[in-house]
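Please read the structure below before turning to the comments.
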């Protein structure tokens, strides 16, 4: 039964960090190219526009949940299980979520890259 | 992709790796935080290693948000995963830690994956992007270039 806790934490981390990444990416796409905005209007305009995007705050909060999920997971499971398992699964979950919610075109090239990196992360922890 | 954008991607990799390492170093000083004394986590920011780590993670977050403002999530995430490789190489060359064959294989897979995605386009036209493209600003830029 004890094995359930680390995996519950991993599930929570993957769910929360994927949701957070999608929300933050969505927010920043709405803000637009930050570098250009900085050059035209200055850094305060950039910060103001980012903070005014409601999904940004929501994304930050969800990322906070993911962080506490990690702390919880680390207190129950091994570092060598929790970190790579959640990182690899988050890579794959993000690719699926970005395709569905952000309408990114995840072509063959990106799928291969995502799976290679996820597999590499797992191998590095073995 | 301009040189500045590659710099931002490199910043994500380096700041995240260095920030995490400093945090881990600082948490070693504090020892294990028990679930009954979570207030210990609040005092953790007084540790100079942790403070430095948090500053670097803020730099990471700024770079990450900047990258997400002009590149796809499915581009940024794999492209910046070289941090895992960086940590292993630093551990190997500065701290002389052994790296097993499986870990070298993992390093190779990540490196190939990063190369694969970085060689492709950083942003793909999506519904949202399409709306941006039709704005007069984008059109005038396209005409200029």
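Quick note: the coordinates plus some simple rules give every number you see, no bench work behind them. Model, not experiment: these values are computed from the prediction. Because the Cβ atoms are built from the backbone with ideal geometry, glycine has one as well, and the counts that use them run over all protein chains shown.
Per residue of B:116-122, what is the mean number of Cβ atoms on other protein chains within 10 angstrom of that residue's Cβ?
4
I'd like the mean, over residues of A:23-35, of how many other protein chain beta carbons sit within 10 Å of each residue's own Cβ.
Values: counts 0, 5, 11, 3, 3, 10, 11, 3, 4, 5, 6, 9, 7.
That average works out to 6.
Would you mind getting me the FRET efficiency between residue A:108 and residue B:24? Use the beta-carbon distance for r and R0 = 25 Å, nearest 0.05.
Between residue A:108 and residue B:24 the formula returns 0.10.
Could you tell me what fraction of 2.2 N^0.38 Å the Cα radius of gyration of the protein assembly as shown comes to, as a two-decimal ratio?
1.04
Provide, for q = 0.17, 0.22 Å⁻¹, the log10 of I(q)/I(0) from a solvent-free Debye sum over equal Cα point scatterers in chain A.
Debye output, listed in q order: -0.94, -1.17.
As I understand it, the value is the acute angle between the Cα axis of helix A:79-101 and the longest principal axis of the Cα atoms of chain A; what does it come to in degrees, rounded to 10?
50 degrees
Peptide A:92-98: average number of partner chain Cβ atoms within 10 Å per residue?
Counting other chains' Cβ atoms within 10 Å and averaging over A:92-98 gives 3.
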